[in-house]
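Q: Below you will find the structure I want to go over with you.
Every read-out reported here was derived from the displayed coordinates using simple, explicitly stated rules and does not represent laboratory data. Just so we're clear, the structure is a prediction, and the values are computed from it rather than from any experiment. Cβ: placed from backbone, ideal geometry, glycine included. Neighbour counts: every protein chain shown.
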Amino acid sequence: MTEKYTLYATMGAGFESVVSKELKNLGYKTRNENGRVFFEGSQADIVKTNLWLRSADRIKILLKEFKAYSFEQLYDEVYAFDWAMLLPVDACFPVQGRAVRSKLHSEPDVQSIVKKAIVDKMVNEYHRRGFLPESGNTFPLDIHIYKDVARLSLDTTGASLFKRGYRVEHGGAPLKETFAAGLLELTPFNGTHPLIDPMCGSGTLPIEAALIAKNVAPGLKREFSFDGFDWFDKNLHQAGVEDAQAQIKPLESDIWASDIDQSVLEYAKLNAHNAGVLQDIKFKQVAVKDFKTDLENGIIISNPPYGKRLKDREGAHKLYQEMGEVLGSYHDFSQYYLTSDPEFEKFFGQKATKKRKLFNGNLRVDFYQFWANKR
């Protein structure tokens with residue numbers, strides 16, 4: 001494999017600019033598309049971006065880009081790639097595929113044609129007799145066709161980057177770690193001012209805030225699919241981890257997390273412990289209507305219950321009213337709330353300075369931003 005690759009990060013809709021900013025802060029030149037941010041890099045950069053990107057889902061190597069108007073053309077272009085350079089003879093290589101607004105619109109057919117072309121080429125290159133064991137390490141491949149332009153890529157990440165390795169599974173629908181980090185990056189938060197989440201649930205927002213504030217690389221505690229690529233320099237991952245560990249710093253300012261439900265708070269504490277930030281977050285059981293703080297000039301951010309998470313709309317609207325009455329009085333805090341309820345501002349009692357449309361999974365949500373009146 002060549003030393004420099006065309007790489008791209010994938011992310012949830014609406015977070016392209018956030019990931020692009022992260023990449024620029026890491027020193028890369030970027031080019032944005034819907035759901036993708038492209039950049040150039042080496043194997044060391046593949047390690048670095050997998051370790052450090054907070055709001056991206058995956059890092060992929062673009063192997064080849066070509067026009068595909070027919071299945072014959074698709075087969076021939078895939079077959080023409082030097083697969084023996086990329087895949088060992090026993091490689092397990094699942095192929096995922098998507099086709100959008102293209103002549104080749106049957107995704108199962110696209111996947112199977114790509115798979116067949118790779119198998120045929122490898123059988124030829126490795127002088128096999130029509131059989132590949134696929135018993136070795138996994139090389140996740142992806143074919144994406146948009147407006148008849150096909151992109152063939154190799155996923156260097158494996159399980160999505162939101163799988164940081166700290167979350168204990170339990171009921172409810174917590175924010176994905178990458179989504180929570182993306183929300184935090186849409187605020188001015190950098191760890192130098194206090195942060196409060198008054199409805200913290202299982203703790204994803206305050207935990208991600210603590211990781212940002214302490215400059216902890218989010219991918220520090222996990223493995224990636226590149227660890228199994230036989231042509232990948234085995235020393236780079238360990239070197240990247242050691243470099244990241246050397247950059248961790250102590251917390252500068254308070255992070256508070258509260259919730260009305262003690263049992264949920266126990267999960268949040270366990271998650272914080274697993275993430276190595278339990279000592280950095282002050283957890284407290286308290287209802288929003290009883291919330292008080294002496295902290296000043298900080299950020300309040302929360303993902304309050306909405307829609308499916310509450311048995312009825314009235315309960316949600318009552319909560320939003322309490323939020324407005326109690327939290328809305330902290331004028332020196334910038335406040336950020338995520339909800340799918342279009343009536344949020346009405347019940348909160350204030351018009352947002354700005355709101356941003358996002359998708360939490362398939363659910364359309366708004367990120368309401370109330371900027372502080374600095375004294």
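Q: Per residue of the chain, what 222 nm ellipticity follows from adding -39500 (n - 2.57) for every DSSP H run with n ≥ 4, rounded to the nearest 500? Present the calculation step by step, with values, prior to reporting the outcome.
A: Numbers: 11 runs with 116 residues, N = 375.
-9000 deg cm²/dmol, from helical runs alone.
Q: Mind listing the long-range amide H neighbours of residue 93? Cut-off is under 5 Å, sequence gap 5 or more, other chains count too, H placed in the peptide plane at 1.01 Å from N.
A: The list, which skips near neighbours in sequence, is 139.
Q: What does DSSP give for region 5-155 in terms of the percent of beta bridges that are antiparallel, rounded to the nearest 5? Intermediate values should be presented prior to the final figure.
A: Working: 26 of 33 bridges.
Just about 80 percent of them are antiparallel.
Q: Once fully extended, how much extra length lies between residue 251 and residue 313, figured as 0.36 nm per residue of separation less the alpha-carbon to alpha-carbon distance? List each step's numbers first, then the result.
A: On the way: separation 62, 0.36 × 62 = 22.32 nm, distance 3.84 nm.
The span from residue 251 to residue 313 would gain 18.5 nm if fully extended.
Q: Just the C-alpha atoms of region 250-319: what Rg/Rh do they give, with Rh taken as the Kirkwood radius?
A: Numbers: Rg = 13.9 Å, Rh = 13.9 Å.
That ratio is 1.00, to two decimals.
Q: Next question, about the same structure. So between residue 40 and residue 17, what do we pick up on full extension, going 0.36 nm a residue minus the alpha carbon distance?
A: Working: separation 23, 0.36 × 23 = 8.28 nm, distance 1.72 nm.
Working it through step by step, the gained length comes to 6.6 nm.
Q: What is the local net charge at residue 68, summed over the other residues whose Cβ is closer than 9 Å to its Cβ (Lys, Arg +1; Asp, Glu -1)?
A: Working: positive: 67, 103; negative: 77, 148.
Residues near residue 68 contribute 0 overall.
Q: Can you give me the convex hull volume of the Cα atoms of the chain, divided per residue and expressed in Å³? If you can, show how the numbers build up before the last one.
A: Details: hull volume 56.5 nm³, N = 375.
Measuring per residue, one finds 151 Å³ for the Cα hull of the chain.
Q: If you take every DSSP beta bridge fully contained in the chain, what fraction is antiparallel? Give it as a percent rounded to 5.
A: Of all bridge pairs located within the chain, approximately 65 percent are antiparallel.
Q: Of the listed pairs 21/64; 60/284; 67/163; 64/354, which have alpha-carbon separations greater than 32 Å here?
A: Working: 21/64 26 Å; 60/284 41 Å; 67/163 34 Å; 64/354 40 Å.
Over 32 Å apart, Cα to Cα: 60/284; 67/163; 64/354.
Q: Hey, if you drop one equal point scatterer on each alpha-carbon of region 5-155 and run the Debye formula without solvent, what base-10 log of I(q)/I(0) do you get at q = 0.10, 0.12, 0.13, 0.21 Å⁻¹?
A: Once normalised to I(0) and log-transformed, intensities are -0.38, -0.54, -0.63, -1.28.
Q: At a Förster distance of 30 Å, what's the computed FRET efficiency of residue 357 paired with residue 146, Cβ-Cβ distance as r, to 0.05?
A: On the way: r = 22 Å, r/R0 = 0.74.
So the FRET efficiency works out to roughly 0.85.
Q: Kindly work out what percent of the DSSP beta bridges joining two residues of region 241-375 are antiparallel, to the nearest 5. Could the numbers behind the result be given before it?
A: Numbers: 12 of 20 bridges.
DSSP beta bridges in region 241-375 are roughly 60 percent antiparallel.
Q: Counting only residues 5 or more places away or on other chains, whose amide H sits under 5 Å from the amide H of residue 359 once H atoms are built in the peptide plane?
A: For residue 359, whose amide H was placed from the backbone, the distant partners under 5 Å are 365.
Q: Continuing with this model, one more query. Counting Lys and Arg as +1 and Asp and Glu as -1, what is the net charge of the other residues whose Cβ lies under 13 Å from the Cβ of residue 258?
A: Numbers: positive: 269, 282, 284, 289, 292; negative: 197, 254, 259, 261, 290.
With Lys, Arg at +1 and Asp, Glu at -1, the net is 0.
Q: In whole Hz, with x marking every Gly and Pro, tabulate ³J(HN,Hα) for region 189-200 from phi via Karplus 6.51 cos²θ - 1.76 cosθ + 1.60, θ = phi - 60°.
A: Taking θ as phi minus 60°, the curve returns 4, 9, x, 8, 10, x, 10, 10, 10, x, 9, 7 Hz for region 189-200.
Q: Take the Cβ-Cβ distance between residue 131 and residue 294 as r, set R0 to 56 Å, and report the resulting FRET efficiency rounded to the nearest 0.05. Intermediate results must be reported in sequence, preceding the final value.
A: Details: r = 70 Å, r/R0 = 1.25.
For residue 131 and residue 294, the calculated efficiency is 0.20.
Q: Can you compute the charge dipole magnitude of the chain about its Cα centre, using +1 on each Lys and Arg Cβ and -1 on each Asp and Glu Cβ, nothing else charged? Give it in debye, rounded to the nearest 20.
A: On the way: 50 positive and 50 negative charges, 154 e Å.
Roughly 740 debye for the chain.
Q: I would also like to ask the following. Starting from the Cα of residue 214, draw a straight line to each of the lysines and keep only those under 18 Å, dropping any in the same chain fewer than 8 residues away.
A: 48, 249, 269, 282
Q: Can you tell which of 207, 118, 196 shows the greatest fluctuation in a Gaussian network model of the chain with Cα springs below 10 Å?
A: 118
Q: Quick one: which residues, 5+ away or cross-chain, put their amide H under 5 Å from the amide H of residue 196? H built at 1.01 Å from N.
A: Distant-sequence amide H within range of residue 196: 256, 299, 300, 301.
Q: Shifting gears a bit: Hey, rough spin-label estimate for residue 239 and residue 163, points 7 angstrom out along Cα→Cβ, what's it come to in nanometres?
A: Spacing of the two 7 Å Cα→Cβ label points: 2.7 nm.
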